[in-house]
1. Please turn the phi angles of the stretch 36-44 into ³J(HN,Hα) values with the Karplus equation 6.51 cos²θ - 1.76 cosθ + 1.60 (θ = phi - 60°), one per residue in order, whole Hz, x for glycine and proline.
2. Quick query: amide H of VAL138 versus all other amide H atoms, modeled in the peptide plane; which residues come in under 5 Å with a sequence gap of 5 or more or a different chain?
3. Using the crude model of +1 on Lys and Arg Cβ and -1 on Asp and Glu Cβ, and no other charge, please compute the dipole size for the stretch 176-262 relative to its Cα centre, in debye to 20.
4. Distance from the Cα centre of the stretch 44-107 to that of the stretch 196-226, in angstrom?
5. FRET efficiency for LEU248 and ARG32, Cβ-Cβ distance as r, R0 = 35 Å, nearest 0.05?
6. Where nothing but the Cβ of Lys and Arg (+1) and of Asp and Glu (-1) is charged, how large is the charge dipole of the stretch 2-169 around its Cα centre, in debye to the nearest 20?
7. Any chance you could run the full-extension gain for THR262 through ASP121? It's 0.36 nm times the residue separation minus the Cα-Cα distance, nm to one decimal.
8. Once the piece of chain linking HIS98 and GLU232 is laid out straight, how much longer is it, given 0.36 nm per residue of separation minus the C-alpha distance between them?
Amino acid sequence: MGSGIAEVCAKAGYETFVREVDEKALDGGRRRIENSLSKAIERGKLTAADGEAIRKRLRFSSSFAEIFSSDLVIEAIVESLSAKCEVFEALDKSCAPHAIFCSNTSSLAIAEMAAATARPDRFAGLHFFNPVPVMKLVEVVRAIGTSEETVARVTAFARSLGKEPIAARDNSGFVVNRLLVPFLLDAIRAHEQGVGSLEDIDTGMKLGCAHPMGPFELLDYVGLDTVYAIAEIMFAEYREARFAPPPLLKRMVIAGRFGRKTGRGFYEYDERGDRRR
């Protein structure tokens with residue numbers, strides 16, 4: 001997500017600074033951005049000159065120091081409240097007072113992260129969707145302390161990236177995951193209860209509801225570990241059974257069957273991420 005966000009910012013003409021925890025992570029981010037740009041050039045969606053201009057707008061470091069002059073900072077780290085708060089505490093000390101902070105969280109409370117800083121009025125959620133260069137939607141999340149000016153500036157920024165922003169309240173899951181996660185969890189329960197096979201449930205939702213991917217294909221794409229973590233966060237927030245992770249999901253995560261990224265989830269995948277038939 002972080003590399004995708006950096007790419008779309010640089011494409012939109014912004015000088016973009018990428019901070020990672022170490023050089024290994026930075027190299028991974030560079031490779032992902034370079035691969036994405038190279039594919040866009042090969043397909044004729046981007047000229048070689050534009051690709052070079054985008055590369056020149058990107059800077060990489062493992063330090064917070066160079067972020068001081070940034071007007072907007074977007075966090076896209078692991079979905080852990082403690083880890084995010086730790087990062088924002090460090091950013092609050094490093095960044096200019098006028099800078100706006102945004103989190104790309106998909107499920108955590110924005111207000112709780114904002115409380116780790118001295119700028120709750122300049123703190124909002126800015127939730128992109130994967131893959132970031134392709135997906136048009138961005139959720140702009142207003143916390144209890146977020147100012148009108150911050151919401152307006154963040155919304156305008158999202159539009160400047162060529163995205164379509166929607167407004168969301170600071171409730172776990174916001175708009176999309178509030179509706180999507182219970183659907184995915186219910187698909188697992190339906191399979192557990194013998195309602196249909198994986199393939200038949202996926203085919204039913206694709207052909208019957210015009211979904212581009214079936215629920216199990218989507219679960220494997222997103223990552224079962226990610227969905228499990230989000231479901232746990234949402235269940236802790238709402239205490240409703242529909243947000244509780246089904247036993248099968250928990251056991252698959254324990255077994256390391258996370259989906260495409262590990263080669264096995266509800267389906268099996270080859271080294272390129274293509275599904276084995």
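Bear in mind that the values in this text are calculations on the coordinates, not laboratory data. Predicted, not measured: the structure shown is a model, and the values here were computed from it. Every residue, glycine among them, receives a Cβ derived from its backbone with ideal geometry; neighbour counts consider all protein chains shown.
1. 5, 5, 4, 5, 5, 5, 4, 8, x
2. GLU164, ILE166
3. Dipole size: approximately 180 debye.
4. 33
5. With R0 = 35 Å, the Cβ-Cβ based efficiency is 0.65.
6. My answer is approximately 540 debye.
7. So the chain would gain 46.7 nm between THR262 and ASP121.
8. Result: 44.8 nm gained on full extension.
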